[in-house]
Amino acid sequence: MSRKRLLALAALTAIVAPVFAGAAAQAAVTDDSAFRVLVFGKTTAFRHDSIPAGEAAIQKLGQENGFAVDVTEDAAQFTDENLAKYQTVVFMSTTGDPLGQPEQKAAFERYIENGGGFAGVHAAGDSGYNWAWYGGLVGAYFRNHPAQQNATVKMIGQGAASNRGLPNRWNRFDEWYNYRTNPRDAGVRVLATLDETSYNPGSGAMGDHPIAWCHNYDGGRAWYTGMGHTKEAYSDPLFLKHLLGGIQMTAGVTNFPCDPHDD
């Protein structure tokens with residue numbers, strides 16, 4: 001082979017090799033993922049414009065923290081076979097009746113009964129009003145909300161991964177849900193409450209006002225946060241710590257200190 005052809009082949013190799021190396025590295029990240037997450041963003045009622053930002057944020061968290069993420073709005077993916085791939089399922093501001101078929105609901109119930117995880121974000125509490133099992137999974141249903149505004153969130157303990165690194169009193173802007181019942185009545189462990197003196201809660205003021213909680217439910221692990229209404233939340237490093245911790249807790253890769261307790 002001539003010297004000129006050898007030089008051309010070397011140059012081509014220098015260009016192509018990094019491309020294949022990058023692909024192999026990406027495959028390695030996927031193959032070696034610590035766990036797999038399904039993010040479900042289907043809505044049949046009000047649709048939050050922050051859903052795509054939330055889905056993208058979780059995909060980025062997966063890339064940065066070594067777990068795989070699939071995103072869907074296809075309720076037909078809720079089958080025993082498909083759900084078995086995932087350590088946790090995130091309901092990203094789902095509303096209405098996102099799992100509209102009885103067999104889809106039944107498959108999700110079996111998934112939780114078999115030790116699966118559930119992380120509900122914001123309007124996940126505005127879903128499944130005719131599905132009592134799901135209401136128990138979340139811990140409380142949405143009632144109403146005042147205008148979006150700043151409020152102080154009181155984080156209760158740092159033992160839960162979704163609280164670690166967050167200020168004990170966390171002032172932030174969001175759409176603050178009031179709930180039809182106090183989730184404490186469902187036996188959850190409250191992880192964060194709202195200081196109702198720091199904002200105007202409107203007609204649904206709760207007094208004792210949980211806004212994030214977790215519990216063992218029907219064989220599985222459930223975590224919920226009422227935060228996450230705005231697109232901006234999903235670029236907030238503190239909120240992303242909160243969300244990442246909830247995903248890790250429900251996936252079973254970190255402590256799940258979610259027995260009921262008194263604050």
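The values are calculated or read from the model by the stated rules, or taken from the named source; none is laboratory data. Bear in mind the structure is a predicted one, so any value in this text is a computation, not a measurement. Note that we place each Cβ from the backbone using ideal geometry, even for glycine, and neighbour counts take in every protein chain shown. Heads up: the accessible areas ignore ligands, DNA and RNA and are worked out on the full protein's heavy atoms, side chains in. Shrake-Rupley method; radii C 1.70, N 1.55, O 1.52, S 1.80 Å.
Observations on the structure shown:
- Summed over the stretch 231-263, residues that are in a loop (DSSP other than H, G, I, E, B) and either loosely packed, with under 15 Cβ neighbours inside 10 Å or not aromatic (F, W, Y) (or both) total 12.
- Selection within the stretch 67-104 - over 16 Å from the mean Cα position of the chain (by Cα) and on the phi > 0 side of the Ramachandran plot: G96
- Selection status of I211, of a type in the set (V, I, T), open to solvent by less than 10 Å² (accessible area, probe 1.4 Å) and not in a helix (DSSP H, G or I): yes
- Matching option when the condition is in contact with a helix residue (DSSP H, G or I) (Cβ under 7 Å, 6 or more places away or on another chain) and either loosely packed, with under 15 Cβ neighbours inside 10 Å or within 23 Å of L240 (Cβ to Cβ) (or both), among G159, G62, G125: G125
- From S33, S93, S2, residue being surrounded by 14 or more Cβ atoms within 10 Å (Cβ to Cβ) and at pLDDT below 95: S33
Quick grid of which residues meet (1) over 18 Å from Y141 (Cβ atoms); (2) in contact with a helix residue (DSSP H, G or I) (Cβ under 9 Å, 6 or more places away or on another chain); (3) open to solvent by less than 10 Å² (accessible area, probe 1.4 Å); (4) of a type in the set (G, A, S):
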position: P167; (1), (2), (3), (4): yes, yes, no, no
position: F173; (1), (2), (3), (4): yes, yes, no, no
position: P183; (1), (2), (3), (4): no, yes, yes, no
position: A192; (1), (2), (3), (4): yes, yes, yes, yes
position: N200; (1), (2), (3), (4): yes, no, no, no
position: M206; (1), (2), (3), (4): no, yes, no, no
position: G219; (1), (2), (3), (4): yes, yes, no, yes
position: G226; (1), (2), (3), (4): no, yes, yes, yes
position: H229; (1), (2), (3), (4): no, yes, no, no
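- Every pair of residues 6+ apart whose Cβ atoms lie under 6 Å, when the first sits in the stretch 80-101 and is within 19 Å of Y141 (Cβ to Cβ) and of a type in the set (S, T, N, Q) while the second is surrounded by fewer than 19 Cβ atoms within 10 Å (Cβ to Cβ) and modelled with pLDDT of 95 or more: T95/A45; T95/F46
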